[in-house]
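What follows is a set of notes on a single structure, which appears directly below.
The values are calculated or read from the model by the stated rules, or taken from the named source; none is laboratory data. None of the values given here were measured: they were computed from a predicted structure. When we count neighbours, we look across all protein chains shown, and the Cβ atoms used for this are built from the backbone with ideal geometry, even at glycine. Ligands, DNA and RNA are stripped out before the accessible areas are found, and what is left, the full protein with its side chains, is counted by its heavy atoms. Shrake-Rupley method; radii C 1.70, N 1.55, O 1.52, S 1.80 Å.
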Amino acid sequence: MSNDCSQIADNLARVQARIAAAAIRSGRTSADVTLVAVTKYVDIDAAKAMIDAGSLDLGESRPQELWRKAEAIAHKDLHWHFIGHLQRNKVRRTLPHIALLHACDSVRRLAEVDRVSGELGLEMKTLLEVNISGDESKHGFKPEEMASVIEALGQYEHVSVTGLMGMASLTGDTDSARRDFERLRQLRDSLQSQTPNGISLDELSMGMSRDFEQAIEEGATIVRVGSTLFEDIER
Ligand SMILES: *Cc1c(COP(=O)(O)O)cnc(C)c1O
């Protein structure tokens, strides 16, 4: 495990340096970009090593795996991000663990998260997932339905929508990823003037191991990186 700890610390330092360089290319600094370390491929010890290395934002895409890790790792400054598709029957047990829900992908789910958050006494921050690439297999709102979704956000009392989340096409190269990210940013910019009072779509969660630099150059404020952060460790 000690080798893994230093490997994980090295990996984190390398990714942070690449984030800082990409942020500067986009006229910002690394303080403007949150790195979510996605722990879905690794065990609890590796997740703890990532915390020790200095990352206090961790992400999971499966509810059971989030519950297992969150319940095993007690740390008051840790922020869990739920980045996957959240099924209706997993909402109640998931929300209390997380600081941000990245991928709310339907009006029904938004209403459900609002209702359950109210019952649990939570103020839940969430992003809306947009299917920017149009891949059939992907979850998310269609870009053309976003204006009406955004206009109706004022009705939710316990959910606070703070931005958009998206993924580049699985089949494309980094140039096509860049165009997908650019489209998400442009969509956000055009929706920003239509939000109800008090709602601002400041966050853009986009970019993974293979394309986080392109995402930052196109305006990402949150990147979700897994495999690159945990490469070359023993499992
Ligand atoms: C797994 C996952 C990531 C991280 O993917 P890597 O390619 O391993 O960096 C990011 N976002 C979502 C939604 C994921 O499911």
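Side notes on the structure shown:
- By average C-beta atoms within 10 angstrom, highest first, the peptides 54-61, 23-30, 226-233, 153-160: 54-61, 226-233, 153-160, 23-30
- Note on exposure: 145, 129, 213 ranked by accessible area (1.4 Å probe, complete protein assembly) read 145, 213, 129, with the most exposed listed first.
- Simple Cβ-charge dipole of region 151-235, Lys/Arg +1 and Asp/Glu -1, about Cα centre, in debye nearest 20: 200
- For region 55-120: rounded, prolate or oblate by the Cα gyration tensor [a/c cutoff 1.5]: prolate
- Region 133-235: proportion of alpha-carbon pairs further apart than 20 angstrom, %: 43
- Look at the dipole of region 51-160 built from charges on Cβ: of 54, 118, 67, the Cα furthest out on the positive end belongs to 67.
- Anisotropy class of region 67-187 from Cα gyration tensor, a/c 1.5 cut: oblate
- For region 1-152, the fraction of 1.4 Å probe accessible surface lying on carbon and sulfur atoms is 48 percent.
- What the Cα convex hull of the chain gives, in volume per residue, is 124 Å³.
- Measuring between their Cα centroids, region 184-209 and region 99-120 lie 18 Å from each other.
- Dipole size of region 9-106 about its Cα centre, with +1 on Lys/Arg Cβ and -1 on Asp/Glu Cβ: approximately 300 debye, rounded to the nearest 20.
- Hits among lysines - C-alpha to C-alpha of residue 142 under 29 Å, sequence gap 8 or more where chains match: 40, 90, 125
- Extended-chain gain in nm, criterion 0.36 nm per residue less alpha-carbon gap, residue 186 and residue 3: 61.5 nm
- A 1.4 Å probe run over the protein chains yields, for region 49-174, 46 Å² of accessible area per residue, whole-number rounding.
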